[in-house]
Every structure is written in structure tokens, then in C-alpha cells.
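What follows is one structure encoded as C-alpha cells, with my remarks underneath.
No value in this document is a laboratory result; all are computed from the given coordinates. Because the structure is predicted, anything quoted here is derived from the model rather than measured. Don't worry about glycine lacking a Cβ; one is built from the backbone with ideal geometry, like all the others, and counts go over all protein chains shown.
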Amino acid sequence: AVSIAEAELVTYLADPSQFGIPPNRCELLDSRTLYWPGYEEPRNCYLFRFRYLYQLPDGKEAEYENIGIAGPLAHAFKADMCQLNIDDIYAAFAGWQAEHDEIRELRWTDMDRDQLRHADRVLAQLSEDGYEHWQSQSVGLFFGTLVFVGRANRDGQDGVVVVDDRDTMWFPQSGSPRDIGPAEGYCVYKGQRMLAEFNG
């Protein structure tokens, strides 16, 4: 089963829409059996660490490493999943795949007066908690809960914040184009909640 899953991910990575060639290395990082968005029965889920070696124009060798999933889907983010713990990596992929009528994105102009007041309260609390220079990126409606995704600064560190009326998730930024961004952060949020609900 592991070799089949590995082959699925390698085939995905070798597709012209992805890297166009198979990775130089691909090794199993973790495997779990989980109830997964879009499936009624538990799925065998496999995380693989893959690596590409390539030559730069100046002749030096460089390396690209990331983590992909196979089992319920074959997928890899452009963002560096190595920055996350294993649970959050599974969550990111589950959140990316999740589709439901009760999961959608809103524009600020779509929100009614009560929702805007709620947003003001959540963002005021965020400021009290030490997050500065908030820049909104998106607003999600997740099974009735408003979720605010944006960029902020905490203790001099830039990062991505995903916040609702109960929890705040923080993804520090290093300035790399492969940092966990707002889209990936929201995927982690959605996936955490769905996997917890499905797997108790």
C-alpha cells in the first residue's frame, strides 16, 4: 500500500503542471488511518518527504524539499510544509480538499451589521493580544463561524493570523516566497476542525 501511495504522489509531482519530473528522493514520513473529508469510510493517509536536486546557472547544486500526501488525494503545496508539525500538515491537506455548502468565503461588503460588529470585537481582541498592523486577506464562513484571515506583526515578527471568536492561529513569516500564506493557514484551520470532528 505504501509503494502504491508513493507512486501516486510521484506521478502527481512528475505531471507537467507540477514539477514535470519525478523527485530525486521520496520517503515515507508518516501514515495514519483517518476519516477524511469527502469519504464515508476511513482512508489510509500517507505523508512523504520528497526532494529535488538541481543545478543553478552558476553551476552550484541546490535542493528543493517539501512534504506531499497520498491516499485520499495526491497533492503538494507550493508553500513549505516542513515548517508545520505533522498534525497541521494533515490538516492543511484536509482543509484544501474540503468542500461543503457551509464552507465559503465572504467579502467584507457581504457582511451584515451584526457580522461587522462581531468582526470589530474579534479584531479588537486580537490587538489586545499583541497582534499589530492587521491587514485583512479574507473572511471565511465555516459552519456558521466567521473566520478572519490576515497578516499581522507580533513581537516584531511578521506572520499570518487565522482567528475566530475562540482561537487564534499564528504562522510566522521568514520573508521566503514559500512561507505558509493566508490560503494555507486557512486550510490548516478548516482541516484541524474537520479532522477533529470526524475522528473524535
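Between the residues Gly144, Cys187, Asn66, the greatest Cα displacement towards the positive end of the dipole of the chain, with unit charges on the Cβ of Lys, Arg, Asp and Glu, is found for Asn66. If you take the square roots of the eigenvalues of the alpha-carbon gyration tensor of the chain and sort them as a ≥ b ≥ c, do you get rounded (a/c under 1.5), prolate (a/b over b/c) or oblate? In terms of gyration-tensor shape, oblate.
For region 2-76, the C-alpha radius of gyration sits at 1.24 times the compact-globule guess of 2.2 N^0.38 Å, with N the residue count.
Contact order for region 103-177, expressed relative to its length and based on alpha carbon pairs under 8 Å spaced 6+ residues apart, stands at 24 percent.
Loop-located trypsin sites (Lys or Arg not before Pro) in region 93-200 (DSSP state not H, G, I, E or B) with no more than 10 neighbouring Cβ atoms inside 10 Å: Arg107, Arg166.
Near Glu6, within a Cβ-to-Cβ distance under 15 Å, what is the net charge of the other residues, with Lys and Arg +1 and Asp and Glu -1? Can you show the working numbers first?
Working: positive: Arg25, Arg49, Arg51; negative: Glu8, Glu27, Asp30.
Around Glu6, the surrounding residues sum to 0.
Free of any GluC sites (Glu not before Pro) that DSSP assigns to a loop and that have at most 16 other C-beta atoms within 10 Å, the longest stretch within the chain is 103-200. In the chain, the DSSP-assigned H stretches of four residues or longer account for a calculated mean residue ellipticity at 222 nm of -9500 deg cm²/dmol, using -39500 (n - 2.57) per stretch and the full residue count as denominator.
About its Cα centre, region 103-177 has a charge dipole of approximately 180 debye under the convention of +1 per Lys or Arg Cβ and -1 per Asp or Glu Cβ, with nothing else charged. Each Cα pair of region 103-177 feeds into the Kirkwood radius, which the Stokes-Einstein equation turns, at 25 °C and 0.890 mPa s, into a diffusion coefficient of 193 µm²/s.
What dipole magnitude, in Debye to the nearest 20, does the chain give about its Cα centre under +1 on Lys/Arg Cβ and -1 on Asp/Glu Cβ? List each step's numbers first, then the result.
Values: 18 positive and 33 negative charges, 41 e Å.
Once rounded to the nearest 20, the dipole reads 200 debye.
Counting charges near Arg178 (Lys, Arg +1; Asp, Glu -1) among other residues having Cβ under 9 Å from its Cβ returns a value of -1. Net charge near Ala74, counting Lys/Arg +1 and Asp/Glu -1 over other residues with Cβ under 12 Å of its Cβ? Within the 12 Å Cβ shell, the charges total -3.
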